Amino acid sequence: MTTNIRATEADTTAQPLDLIALYRTMVTARVTNDLLKTRKTQGRFPFYIGCAGHESMAAVVAALDQNDWLALYYRDLAAWLQRTGDIYAALREAYSRSTGPMGAGRNMPSHYSSKQHRILPTFSEVGALAPFAGGVGFSLKRHQSKELIMFSTGDGGAATNVCNGAARSLNGQEELTSTLRKSMAQILWQLMKLLLALCNASAQARDQC
């Protein structure tokens, strides 16, 4: 379930956000992460990078429309779950199963990608999707599309040349930069309201117990 932050547009209607379902997605991401870390320690597969602490990415994806594009990185399991609902994908890819929906077991785990769900294929290099996400954004703007692309990375990715180059390319595009700032402000406002609602829901559940 997603909620459209662009409800101020005449032809867009906001959808209700199921806070319980969103919280369940975040918990599922943490439980799956803990399971994969344990299995890696047991030697069941050679590589896995955890997503603990990044569960709130589910809320970011929930603030977008299903037609918006995602450029995720290896800690975005919660974002993957929120968009696709596929709780087995990370396990299949970790065990290199041919049924893995991302790389059919031929790539490293946590390389989240899906043509069906509009998730760009990713790379092992952190921040490598920055110029590609910028290109998709430029194409959407050129075609006057109302769709967005959400690019995520960590502090390591933000320090790479590709990410800095993509950021510098926006310096001369004041209109696009202003639009991005407004979009981020709307997303942050939705996240603040979401966190407050989750706190209230948790308090009510605790009182009922």
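In table form, for the structure just shown:
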read-out: 5 Å binning of all Cα-Cα separations within the stretch 62-138, expressed as whole percents from 0 upward; value: 3, 16, 27, 27, 17, 7, 2, 0
read-out: Ordering of 71-84, 23-36, 44-57 by burial proxy (mean other Cβ atoms within 10 Å per residue, highest first); value: 71-84, 23-36, 44-57
read-out: Ascending count of other beta-carbon atoms within 10 Å, so fewest first, for Phe151, Phe132, Phe123; value: Phe123, Phe132, Phe151
read-out: Spin-label pair Leu198/Ala21, simplified geometry with 7 Å Cα→Cβ offset, distance in nm; value: 1.7 nm
read-out: Along principal axes, Cα extents of the stretch 51-103, largest first, whole Å; value: 32, 26, 16
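Values quoted throughout were computed directly from the atomic coordinates according to the rules given, and no laboratory measurement underlies them. Computed from a predicted structure; not experimentally measured. Methodologically, a virtual Cβ is constructed for each residue, glycine included, from the backbone with ideal geometry; neighbour enumeration extends over all protein chains shown.
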